[in-house]
Amino acid sequence: MQEVSNSAQVRLNRVSSAYWRVIMNNPPLNLMGPKFVLQFREIMTAIESDAQLRVVVFESAVDGFFLNHADFDTKFEDLTAIPQGPTGLEAWPDILVRLPRAPVVTIAKIRGRATGNGSELTLACDMSFASRERTRLSQWEVAVGMVAGGGPMARLSRQIGRNRALEVLLGSDDIGGELAEAYGYVNRALPDAELDGFVDTLANRISGFDKWAIANTKRLVNAAVSPPDVEIAAGWEACMASVARPTTLARVRAFRELGFHEPGDVEDRMGFYLGRLGR
Amino acid sequence: MQEVSNSAQVRLNRVSSAYWRVIMNNPPLNLMGPKFVLQFREIMTAIESDAQLRVVVFESAVDGFFLNHADFDTKFEDLTAIPQGPTGLEAWPDILVRLPRAPVVTIAKIRGRATGNGSELTLACDMSFASRERTRLSQWEVAVGMVAGGGPMARLSRQIGRNRALEVLLGSDDIGGELAEAYGYVNRALPDAELDGFVDTLANRISGFDKWAIANTKRLVNAAVSPPDVEIAAGWEACMASVARPTTLARVRAFRELGFHEPGDVEDRMGFYLGRLGR
Amino acid sequence: MQEVSNSAQVRLNRVSSAYWRVIMNNPPLNLMGPKFVLQFREIMTAIESDAQLRVVVFESAVDGFFLNHADFDTKFEDLTAIPQGPTGLEAWPDILVRLPRAPVVTIAKIRGRATGNGSELTLACDMSFASRERTRLSQWEVAVGMVAGGGPMARLSRQIGRNRALEVLLGSDDIGGELAEAYGYVNRALPDAELDGFVDTLANRISGFDKWAIANTKRLVNAAVSPPDVEIAAGWEACMASVARPTTLARVRAFRELGFHEPGDVEDRMGFYLGRLGR
């Protein structure tokens, strides 16, 4: 696979043969649309098949946004028309079940908003480290009548317990770095000034470890706590059903009228504004 | 279902069509007996079948006691004679497996002692918020020779991990608000003065969300981490076997002689006194 | 079973008929070899079959080391030649699946390094309390090309969530008392000066409780969250495969050249030195 151009929404940066960075770059809001999924899928395949790779860090090049909700201006059909992946799941959930199984270590480095897809990517990574001051994790879907499609019901509830997962999912509010750490939503929240150094040191450390040992240790952790694919598929199907409902269409439209989907205060403080949506 | 009278042990207070409060009121100790279970079951059915309801808050009207252990002065047979519920489980565990499945959000607002049944109700709710200063959660059963009957072995161990669940269950000690939060036994412990406002704000927020999205999100979380009914049934059966044992009868009798089951220091600091029970 | 002599690597100290201490004593590093496993297995059988016993505390008599990695100077064949235990698993994993099922409460009291086997023993105990200042928990295996053999992939991921378990397992770094508590790796980290008193008070408390209630409560917690034996077996097999790999042999040899396996700075700060191992 060749290096992707700088204009790509998802860029691959090979720090070394054993340590890669995947940089998400779809300004201004780092929304996820069909192009993002296609580019991410290509990188996913490279991650799975590279013989030297040990560790991948996922990060953002867009200030304020790690990875955000779906791009409602792209054609929904362009997303659903992408052929199913090798797992037999649709494109986005296919990526999210391949990532936990990949024979390398995956680390989410979170700065800014990680809403919807950004939270789902975080939960599919092996570890996550977040800026204490600048992180906003959330699953916003229920507030607009949707069900999340990338598996947080399956993963977050296993990771942080039923009660806190339901607070995140049903409250649909923004979760800052400190609370995300207290709940175990991320591994740790670090002072923003220390985040890059911490993750780079850890990734460098792991890049010197043995690939066979990494892969087999992950395999056994997955056997213990990874959800079966059928749960991820069920979540995706519920999401697809939800986006077609008139209630959902009306709520998303009303939210856009408030300022959603444009740079500004609603995207910055989405949790707050979701609570003000009319009923 | 009509509004229950003020003399009831369990009262229903409709804040709005979408937001209800269930108020537990069996002074002075908020013990749980057959009447409580029958009234709670009626409200459970209303919660399940109401088309407008989105969120229910469970709280206490009795100072110092959220919901307490069983009432040993009521006839045990009056409890066991209640017909099995629609799940095929006995009355109390039937309620506790229906609550997590109900298509609405349930929130435990905890002030005072939540021992035995109070802890079990908390664990069956979707979320729980506790007074930092005034919460005493506990599973006291092992200290008197009993096994808990309402599912904490199944739920608490999934929620907070085997080691901390065993500390709670086998140590039989009181757990204050701060430790309960640190362990994830509750979602959060809040300063007592902020608890009502926090829960009311969250409940109001959720009351404006879409019911279909709430129900389907909960359904998928339950698929991931809710225990199978057979585990809850096994817990109930072990509890029933335990209460008939001579050792248990003798320990409960000895505990009553210390002051248990009456307002006073033993009920206030039950964990401490359980450690002083003769062997 | 008769009291084991003071020269034993694992000593049994009966505080009372209901409260025992198991003291691990293989100075200077508290490594685990075949003799340790054989002695531990004998005590395991005593723990399972004693009618009066309620609680067992596991602790170390070796300053700075709770229980450490395998002893690479003993003959590997002496370990693998020990007949399988009653579970059908090999000797060490056999012990580690019998311990969680034993009808008594088991508590790990951790001071010093708990690496590899020490961490695995901790995770197989019902509860663990650690010195805040003097604890170093770790699974070091991946850093030398190994897979851990005593079940941490199965247990740690269920106990603290996939993301934090993978950080521990794949980062192979030392985890201090404070972080171990924050992650739920141990129940609590206590100031070193308070640790003995806290654990002794808890053990004394539980030693007065009813054995039937303890056993049946544990049984139901195990039904909820204990891994199936086949997962533990798979972990052991991956470990055995890993130690035979040339990469692993070379890395362990290089680590010994740095000072590993001898008293000194490498054993004291193993996490740090594992990051400096050549590739």
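The values are calculated or read from the model by the stated rules, or taken from the named source; none is laboratory data. The model shown is predicted, which means the values in this text are computed figures rather than measured ones. Here Cβ is always computed from backbone atoms with ideal geometry, including for glycine, and neighbour counts include all displayed protein chains. Surface accessibility is based on the protein's heavy atoms, side chains included, excluding ligands, DNA and RNA. Shrake-Rupley method; radii C 1.70, N 1.55, O 1.52, S 1.80 Å.
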Completion exercise
Of the accessible area of the range C:1-132, computed with a 1.4 Å probe and all protein chains kept, carbon and sulfur make up a percent value of 48 percent
Exercise for the section: Scan around B:W140 for amide H atoms under 5 Å from its own, H built in the peptide plane at 1.01 Å from N, and keep only partners 5 or more places away or cross-chain. Expected result: B:G116
Problem - DSSP bridge orientation in chain B - percent antiparallel, rounded to nearest 5 - result: 20 percent
Handout entry: Computed accessible area, A:D126, all protein chains, 1.4 angstrom probe, square angstrom
Key = 0 Å²
Exercise for the section: Assign one of three labels to the range A:86-138, namely rounded, prolate or oblate, based on the Cα gyration tensor with a ≥ b ≥ c the square roots of its eigenvalues; rounded applies when a/c is under 1.5, prolate when it is not and a/b is larger than b/c, and oblate otherwise. Expected result: oblate
Completion exercise
For the protein assembly as shown, the Kirkwood Rh over every pair of distinct alpha carbons, in Å, works out to 27.7 Å
Handout entry: Ellipticity estimate at 222 nm from DSSP helix runs (n ≥ 4, -39,500 (n - 2.57)) divided over chain A, nearest 500
Key = -14000 deg cm²/dmol
Practice task
Starting from a label point 7 Å past Cα on the Cβ side, list the distances from C:E48 to the same position in the other copies, nm, shortest first.
Solution key: 4.3, 4.3
Problem - Beta bridge orientation in the protein assembly as shown: antiparallel %, DSSP, nearest 5 - result: 20 percent
Exercise for the section: With N denoting the number of residues in the range B:47-159, provide Rg(C-alpha) divided by 2.2 N^0.38 Å, to two decimal places. Expected result: 1.09
Completion exercise
Of every hundred units of 1.4 Å-probe accessible area on the range B:185-258, the number belonging to carbon and sulfur atoms, as a percent, is 60 percent
Fill in the blank from the handout: Inter-chain shielding metric for C:118-127, i.e. average beta-carbon neighbours from other chains within 10 angstrom, reads 2
Problem - Position A:A193, label points 7 Å along Cα→Cβ, spacing to each other copy in nm (shortest first, one decimal) - result: 3.4, 3.4
Problem - Solvent-accessible area buried by C and B, counting both chains, probe 1.4 angstrom, square angstrom - result: 2900 Å²
Exercise for the section: Springs between alpha-carbon atoms under 10 Å, Gaussian network over chain C: tell me which of C:N26, C:N187, C:N222 tops the mean-square fluctuations. Expected result: C:N222
Problem - For the protein assembly as shown, accessible area per residue (1.4 Å probe, heavy atoms of protein chains only), Å² - result: 34 Å²
Practice task
Quick one: of A:K218/B:K218; A:K211/C:K109; A:K211/C:K35; C:K35/C:K218; B:K35/B:K109; C:K35/C:K109, which pairs are farther than 24 Å apart, Cα to Cα?
Solution key: A:K218/B:K218; A:K211/C:K109; A:K211/C:K35; C:K35/C:K218
Completion exercise
Computed from the beta carbon distance with a Förster radius of 45 Å, FRET efficiency for A:K35 and B:R256 to the nearest 0.05 stands at 0.05
Handout entry: Exercise: per-residue mean of other protein chain Cβ atoms within 10 Å, B:147-158
Key = 5
Fill in the blank from the handout: If the chain between A:L249 and A:D229 were fully extended at 0.36 nm per residue, the gain over the current Cα-Cα distance would be 4.4 nm
Practice task
Partner chain Cβ atoms within 10 Å, averaged over the residues of C:225-233 - can you pull that number for me?
Solution key: 3
Completion exercise
To the nearest 20 debye, the range B:134-279 has a Cα-centred charge dipole, built from +1 on Lys and Arg Cβ and -1 on Asp and Glu Cβ, of 500 debye
Fill in the blank from the handout: The Kirkwood hydrodynamic radius of the range A:9-104, taken as the inverse of the mean 1/r over all distinct Cα pairs, in Å, comes to 13.9 Å
Problem - Over chain A: Rg over Rh, Cα atoms, Kirkwood Rh - result: 0.94
Exercise for the section: May I ask you to list, by number, the DSSP H helices of chain B whose Cα span along the axis is at least 15 Å and whose average Kyte-Doolittle hydropathy reaches -1.0 or more? Expected result: B:34-49, B:91-101, B:192-207, B:211-225, B:229-243, B:246-258
Practice task
Calculate the tail of P(r) for the range B:171-279: the fraction of all Cα-Cα distances greater than 18 Å, expressed in %.
Solution key: 73 percent
Fill in the blank from the handout: Output for the range C:18-90: trypsin sites (Lys or Arg not before Pro) sitting in coil per DSSP, at most 13 other Cβ within 10 Å, listed by number, reads C:K75
Handout entry: Residues of the range C:22-38 with amide N under 17 Å of the 7 Å Cα→Cβ point at C:D268
Key = C:28-30
